[in-house]
């Protein structure tokens, strides 16, 4: 069974601080996706990383896929209250359903 | 593009009744749709995978006779919670995947909050 371990589970920081969320597995994934979910809503796709070592930037968010395609990280620079939410990583491997991590609940305090 | 809708967004029902939730892909054809359940402050739990025109594949521990899934067209899947009980109260989310990109990306609906009294 493929598992994705996300850390930390909870994170509460002050506005302006930087943070990194990690997603790790012992399995290799064809691609890895990051989603953000706000309370009472469905997850929204932020990015998909495919190539080992790939780095993608989305404004203040930087996503990296590990060289071996077993892990990924999400770094947020100068966090803002609007970044508050549940961040989920999900790994894709062949035709099996996406494997989701347990999520990181981020709270950015103004 | 890649918009998925769900209806209703919330529903309250009495114990013993059945509730149908619709999931629609609005601007693309979804060959595969997924149904998830999410408890408060937890991640998504996959319930079943449905492919258009075929029977759904249920995850271990999910009762197929209780959670009826129909994927009759490339833009619509329905989840019916039969004989609902208070323990079925949860946030149900669907997602759709299709030939939008070369990756197995899923696009999620806004969710349906079910409360069973």
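What follows draws every value from the coordinates through simple rules; no lab data is involved. Bear in mind that the values here come from a model prediction, so they are computed numbers and not experimental data. Glycine also receives a Cβ, built like all others from the backbone with ideal geometry; neighbour counts cover every protein chain displayed.
A compact table of results
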{"read-out": "Anisotropy class of chain B from Cα gyration tensor, a/c 1.5 cut", "value": "prolate"}
{"read-out": "Zone residues, region A:16-36, relative to residue A:67, backbone N less than 20 Å from point 7 Å out along Cα-to-Cβ", "value": "A:22-32"}
{"read-out": "Residue-averaged beta-carbon neighbours from other chains (10 angstrom radius) around A:97-103", "value": "5"}
{"read-out": "Packing-based exposure ordering (other Cβ within 10 Å, fewest first) of A:3, A:32", "value": "A:3, A:32"}
{"read-out": "Part-to-part distance (alpha-carbon centres) for region A:2-59 and region B:59-99, which is given in Å", "value": "26 Å"}
{"read-out": "For A:62-71, mean number of other protein chain Cβ atoms within 10 Å", "value": "0"}
{"read-out": "Gyration tensor verdict on region B:21-77 (Cα atoms; rounded if a/c is under 1.5, prolate if a/b is larger than b/c, oblate otherwise)", "value": "oblate"}
{"read-out": "Segment residue A:15-residue A:27, length gained on full extension (0.36 nm per residue, minus Cα span)", "value": "0.9 nm"}
{"read-out": "Residue of A:16, A:52, A:85 that the Gaussian network model of chain A assigns the largest fluctuation, springs spanning Cα pairs under 10 Å", "value": "A:16"}
{"read-out": "Neighbouring partner chain Cβ atoms per residue of A:40-51, average, 10 Å criterion", "value": "5"}
{"read-out": "Shape category assigned to the protein assembly as shown from the gyration tensor of Cα positions, a/c cut at 1.5", "value": "prolate"}
{"read-out": "Cut-off 15 Å, label 7 Å out along Cα→Cβ of residue B:39, residues of region B:55-73 by amide N", "value": "B:61-62"}
{"read-out": "Inter-label distance for residue B:66 and residue A:56, nm, one decimal - labels placed 7 Å from Cα along Cα-to-Cβ", "value": "3.7 nm"}
